[in-house]
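The values are calculated or read from the model by the stated rules, or taken from the named source; none is laboratory data. What you see is a predicted model; the values in this text were computed from it and never measured. Glycine also receives a Cβ, built like all others from the backbone with ideal geometry; neighbour counts cover every protein chain displayed.
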Amino acid sequence: MTGSNFTLDHIQERSSIRAYTDKALSPAEVERLKQAVLAAPTARNRQELRYSFITDKKRVEALDGRIFHFCDVEMKEVMAKRQSGSFFYGAPLVVVISAKDTSWADLDAGIAVQTLAIAAQAMGLSSVILGMPRLAFKPDDPENCRTLLGMEEDERFCIAIAIGHGAAEKEPHAHKPEHIRLFD
Ligand SMILES: Cc1cc2nc3c(=O)[nH]c(=O)nc-3n(C[C@H](O)[C@H](O)[C@H](O)COP(=O)(O)O)c2cc1C
């Protein structure tokens, strides 16, 4: 714990949770997450990101179908080890962040997804940031999930996050203080 600064506590306590209970998020919780992500800064305040808030299980299943179709054997083994039949680990809310292909989109999306992760942590929820769903949005895949999320022609997947009530615990990753360069 870091004294009374809860934001710093939430940053330190967050870890990737890969198992969730069935409990749905309340409309008020979903609304707080929407407000949090809309508060994330974007380059030149262009606000070009789009945030798909998905609670519809059929859509999540469709995403999983395409991800499993394209993921390699190694990843399938990782998922078997994690005992998960879903790349979203049963979370009741998935947020997919997408954008038109501008030079700042990925940076903006990174900031937005961590904003959601910390907001979730602050609300007593768990989360895991997800890059694998990119496989569900391949433009050259006739069965991709782009229209399922109303993506425009020149829009692309940036990053996703699963959020819910954790059904497992995981220690935060070990810090590597040597990665900090000091110039006093
Ligand atoms: C850009 C990015 C993509 C990630 N993609 C996935 C993913 O597809 N599936 C998954 O289970 N975890 C994913 N993770 C979670 C990382 O594996 C996790 O953050 C890392 O192992 C450190 O663990 P921690 O989050 O518990 O500190 C991703 C994390 C980031 C930042």
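Of the numbered conditions (1) on the phi < 0 side of the Ramachandran plot; (2) of a type outside the set (A, V, I, L, M, F, W, C); (3) more than 10 Å from the ligand (Cβ to nearest atom); (4) in contact (Cβ under 8 Å) with a residue 12 or more places away in the chain, Gln114 fails exactly one; give the number of that condition.
With respect to (1) on the phi < 0 side of the Ramachandran plot; (2) of a type outside the set (A, V, I, L, M, F, W, C); (3) more than 10 Å from the ligand (Cβ to nearest atom); (4) in contact (Cβ under 8 Å) with a residue 12 or more places away in the chain, Gln114 is out only on (3).
Taking segment 57-77 only, how many residues are part of a loop (DSSP other than H, G, I, E, B) and among the aliphatic types (A, V, I, L, M)?
0
For segment 78-87, state whether one or more residues are more than 16 Å from the ligand (Cβ to nearest atom), basic (Lys, Arg) and surrounded by fewer than 19 Cβ atoms within 10 Å (Cβ to Cβ).
Looking for residues that are more than 16 Å from the ligand (Cβ to nearest atom), basic (Lys, Arg) and surrounded by fewer than 19 Cβ atoms within 10 Å (Cβ to Cβ), one finds none in segment 78-87, hence no.
Which of the residues spanning segment 95-111 are more than 13 Å from the ligand (Cβ to nearest atom) and closer than 22 Å to Thr55 by Cα?
Val95, Ser98, Ala99
Which pairs have Cβ atoms under 7 Å, sit 6 or more apart or on different chains, and link a residue in segment 165-176 that is within 11 Å of the ligand (Cβ to nearest atom) to one that is β-branched (Val, Ile, Thr)?
If the second residue must be β-branched (Val, Ile, Thr), the pairs left are Lys170/Ile17.
Quickly run through segment 29-77 and pick out the residues that are within 22 Å of Arg146 (Cα to Cα), away from the ligand (no atom under 14 Å from the Cβ) and among the charged types (D, E, K, R).
Residues satisfying the conditions are Lys34, Glu48, Arg50, Asp56, Lys57, Lys58, Arg59, Glu61.
So His173 passes all but one of these: (1) modelled with pLDDT under 95; (2) more than 28 Å from Glu31 (Cβ to Cβ). Which condition number does it fail?
With (1) modelled with pLDDT under 95; (2) more than 28 Å from Glu31 (Cβ to Cβ) applied to His173, the lone miss is (1).
Which one of the conditions (1) surrounded by 13 or more Cβ atoms within 10 Å (Cβ to Cβ); (2) more than 17 Å from Ser127 (Cα to Cα); (3) in contact (Cβ under 8 Å) with a residue 40 or more places away in the chain does Arg44 fail to meet, given that it meets all the rest?
Result: Arg44 passes all but (1).
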